[in-house]
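Below you'll find the structure, written out as structure tokens, and then a few comments.
The values are calculated or read from the model by the stated rules, or taken from the named source; none is laboratory data. Quantities reported herein were computed from a predicted structural model and do not represent experimental measurements. With ideal geometry, Cβ positions are generated from the backbone for all residues, glycine too; neighbour counts draw on all protein chains shown. For the accessible areas, the whole protein counts, side chains as well, though only heavy atoms, and no ligand, DNA or RNA atoms are used. Shrake-Rupley method; radii C 1.70, N 1.55, O 1.52, S 1.80 Å.
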Amino acid sequence: FVEAQVRSRPGALAISASNKCITYAGLGALTATLMQKLRLANCGRGDVAGVCLEPSPEFIAAALAVMSVGGAYLPIDRNCPAERVAFLVSDSAARVFITASEIRGALHLPTQMPIIEVDRIHEKGRTAAFTPEAVTPDDLAYIIYTSGSSGQPKGVEVTHRGLSNLIDWHIREFQITPSDRASQIAALSFDAAVWEIWPHLTSGATLCIPEHEICQDPFALQQWLLSEQITVSFAPTV
């Protein structure tokens, strides 16, 4: 998974966002720190952790940390109504929640739920090594919920086998290499984001995240793709 790139290409650029860039070493360090926090919250193999963050290096580190302790991450859009957030947390039996302090107040999470705020983690505290737990192909990697437009939202459970198959196919089909620069523009609670993130980071490529406003403007998005020298992108049709 991403661990191989952290070991072999620590100084390479992993994620480029409008307000922050992070190398593979930096991604590994932040992930390791979040893994520590998850373990302190008794989140481990088979557990579900909700993740509600803006598209950012922190979101990717959080999702990676959950999988690396053997759990499954549940991406939740920060703009979800509080009722939907409550349903997703309850229905998935999430054990812990990862978010940011500015988002937390609007979520109305259960008072007894352990909550990790990524912006409260200090750089000087990142001393742990990034050493993922062993998982089996049938362990859950993540859960995606449907919109619920035709009834109650339904959680789709994806195993490491399914994620690995997707990653392998994507890398082979699109011939992904460390020299690629891929865009991440899909909503994080949409399965397309999985296609954007993990095949490229496991290949050592650079993942580029635009500002939200750019994704809403086709012309601005086109200019951003060109200026960032994006080589692989998945964009919705209009």
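Numbers below:
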item: Amide H contacts of residue 12 (H built 1.01 Å from N, under 5 Å, at least 5 apart or other chain); result: 24, 25
item: Fraction of beta bridges assigned by DSSP in the chain that are antiparallel (%, nearest 5); result: 30 percent
item: Stokes-Einstein diffusion coefficient of region 13-145, Kirkwood radius over Cα pairs, 20 °C, 1.002 mPa s, in µm²/s; result: 144 µm²/s
item: Where region 21-70 is the region considered: accessible area per residue in Å², 1.4 Å probe; result: 26 Å²
item: Projected area, mean over directions - region 1-41, Cα convex hull, nm²; result: 3.3 nm²
item: Heavy atoms of residue 171 accessible to a 1.4 Å probe, total area in Å² rounded to 10; result: 50 Å²
item: Exposure ranking of 221, 27 by accessible area [1.4 Å probe, largest first]; result: 221, 27
item: By accessible area with a 1.4 Å probe, ligands and nucleic acids excluded, highest first: order of 1, 59, 219; result: 219, 1, 59
item: Selection from 170, 206, 231 lying farthest towards where the dipole of the chain points positive, charges on Cβ; result: 206
item: Selection from 116, 158, 147, by position along the positive dipole direction of region 106-220 (Cβ); result: 116
item: Percent RCO, i.e. relative contact order, over the chain, from Cα pairs under 8 Å lying at least 6 residues apart; result: 21 percent
item: 5 angstrom amide H check on residue 145, placed H, neighbours 5+ away; result: 156
item: When the chain is reduced to its Cα atoms, the Kirkwood hydrodynamic radius in Å; result: 18.0 Å
item: Residue-normalised accessible area of region 73-124, given per residue in Å² at a 1.4 Å probe; result: 55 Å²
item: For the chain, built as a Gaussian network whose Cα springs stay under 10 Å, the top-fluctuating residue of 211, 58, 196; result: 211
item: FRET efficiency, residue 223 to residue 192 (Cβ-Cβ, R0 30 Å, nearest 0.05); result: 0.85
item: Square roots of five times the Cα gyration tensor eigenvalues for region 68-130, Å; result: 23, 15, 10
item: Segments 136-142, 184-190 sorted - mean Cβ within 10 Å per residue, highest first; result: 184-190, 136-142
item: The chain: calculated mean residue ellipticity at 222 nm from DSSP helix runs of at least 4, using -39500 (n - 2.57); result: -11000 deg cm²/dmol
item: Heavy-atom accessible surface of the chain: percent carbon and sulfur, 1.4 Å; result: 51 percent
